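Data block below; observations after.
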Amino acid sequence: MKTLTGRGLVSAEGCGSARVRYRVVVERREGGVVAYGNLYGSHVSLRPIWLEPDAQLRLANGRRLNISITDLVNDTAEFEGIGTIGAL
């Protein structure tokens, strides 16, 4: 298990980008590698992205992670990685 934290950008097609702080947990499970975690930012900026099925998180190191935001409460969003999780 590996945990990544930092500042990044989350975006979805048709939505503006939102600046966020993130906490990403990457772990190996049966069937492959999974990623999930939390985003901390402005509710107003995250809400339109939450309504879209697919989004992308750009990490501080420049790498990108395809995600789906599964919940949004106040200024905290929960997400799951989708597709292939590459080296982060």
**Conditions (1) touching a residue at least 40 places away in the same chain (Cβ under 8 Å); (2) in contact with a Ser or Thr (Cβ under 8 Å, 6 or more places away or on another chain); number of the one not met by Gly16** = (1)
**Prompt:** Counting only residues that are part of a strand (DSSP E or B), within 16 Å of Gly81 (Cβ to Cβ) and either touching a His at 6+ places or on another chain (Cβ under 9 Å) or open to solvent by 80 Å² or more (accessible area, probe 1.4 Å) (or both), how many does segment 1-43 have?
**Reply:** 5
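Can Leu46 be described as of a type in the set (A, V, I, L, M, F, W, C), free of Cβ contacts under 8 Å to residues at least 40 places away in the same chain and part of a helix (DSSP H, G or I)?
Values: of a type in the set (A, V, I, L, M, F, W, C): yes; free of Cβ contacts under 8 Å to residues at least 40 places away in the same chain: yes; part of a helix (DSSP H, G or I): yes.
When the stated conditions are applied, Leu46 passes them.
The values are calculated or read from the model by the stated rules, or taken from the named source; none is laboratory data. Everything numeric in this text was worked out from a predicted model, so none of it was measured. Every residue, glycine among them, receives a Cβ derived from its backbone with ideal geometry; neighbour counts consider all protein chains shown. For the accessible areas, the whole protein counts, side chains as well, though only heavy atoms, and no ligand, DNA or RNA atoms are used. Shrake-Rupley method; radii C 1.70, N 1.55, O 1.52, S 1.80 Å.
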